[in-house]
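Just below is one structure, and these are the notes that go with it.
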Amino acid sequence: MDNFQTFSERHLHRKETFFSSLINVPINDDGYAHCKNVWETFNLKTLGEYHDLYVTSDVILLADFFQNFLQLVLNSYKLDPSHCYTALGLAWQTCLHMSRVKLELFTDMDMHLFIERGIRSGISMIAHIFNSANYKYLDSYDEVKPSKYIPYLHANNLNGLARPQFLPTHGLSGLKSLLILWKFRMNLT
């Protein structure tokens, strides 16, 4: 379906014209047999009708799946997943619900911004290591340039170490000193 005229064509295309650009492979024999079966079973007259049937059934299946998922979460956790933007947000709400933790609300905007700036996501790594040092024990040491030593640090399982630790839920005013230190450090750089 590469243009609107294709929608009014009154025959199913040959097998060779079916190609999935998503997985970069042509259709197999079973897939094409299924296409022909759908065309004949539903007595389709145009490729537009085939398209509409596909899109309609896709939306109905997705809606059915989400309705079942919604009922499962509502019955299990008393939460409505349609109010969450992401699966991560739903997981967070579920954890709060199941642990019965009461989070203390921030009343200081600086504290809120401090926490918000600390949010990280995804993998963090250096895949290609390149360091440039100027250290007196190196063959390439240049006395004219300032001395620069690079320590090699390697840490494993930081996520596994942090995950079982308890997170603060109240008494967060003690973080005020960390916020002051952080602001001071940011002014130095």
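Computed 3J(HN,Hα) for the stretch 35-49, one whole-Hz value per residue from the Karplus formula 6.51 cos²θ - 1.76 cosθ + 1.60 where θ = phi - 60°, is 4, 5, 4, 5, 4, 6, 4, 8, 6, 6, 9, 9, 5, x, 5, glycine and proline marked x.
On the beta carbon distance between Asp29 and Glu49, with R0 = 25 Å, the FRET formula returns roughly 0.60. Pairs of Lys residues in the stretch 1-115 are counted when their Cα atoms are under 30 angstrom apart and they lie 8 or more places apart or on different chains; the count is 4. Highest mean first, the peptides 95-103, 108-116 sorted by other C-beta atoms within 10 Å per residue fall in the order 108-116, 95-103.
For the pair Phe69 and Leu161 in one chain, pulling the backbone fully straight at 0.36 nm per residue adds 29.9 nm over the alpha carbon distance.
Summarising the amide proton neighbourhood of Phe18: residues at separation of 5 or more, or on other chains, whose placed amide H is nearer than 5 Å comprise Ile27. From the square roots a ≥ b ≥ c of the eigenvalues of the alpha-carbon gyration tensor of the stretch 1-47, which class results: rounded (a/c under 1.5), prolate (a/b over b/c), or oblate? Verdict is oblate for the stretch 1-47. Applying the Karplus relation 6.51 cos²θ - 1.76 cosθ + 1.60 with θ = phi - 60° to the stretch 70-87 yields 3J(HN,Hα) values of 4, 5, 4, 5, 4, 5, 7, 10, 6, 10, 9, x, 6, 8, 10, 6, 9, 5 Hz, where x marks Gly and Pro. Taking amide H as placed 1.01 Å from N in the peptide plane, Leu79 has its amide H under 5 Å from the amide H of Leu74, each at least 5 places away in sequence or on another chain.
We did not get these values from a lab; they are worked out from the coordinates using the rules stated. On a predicted model such as this, the values are computed, not experimentally measured, just so you know. Please note: Cβ atoms are built from the backbone with ideal geometry, for glycine as well, and neighbour counts cover all protein chains shown.
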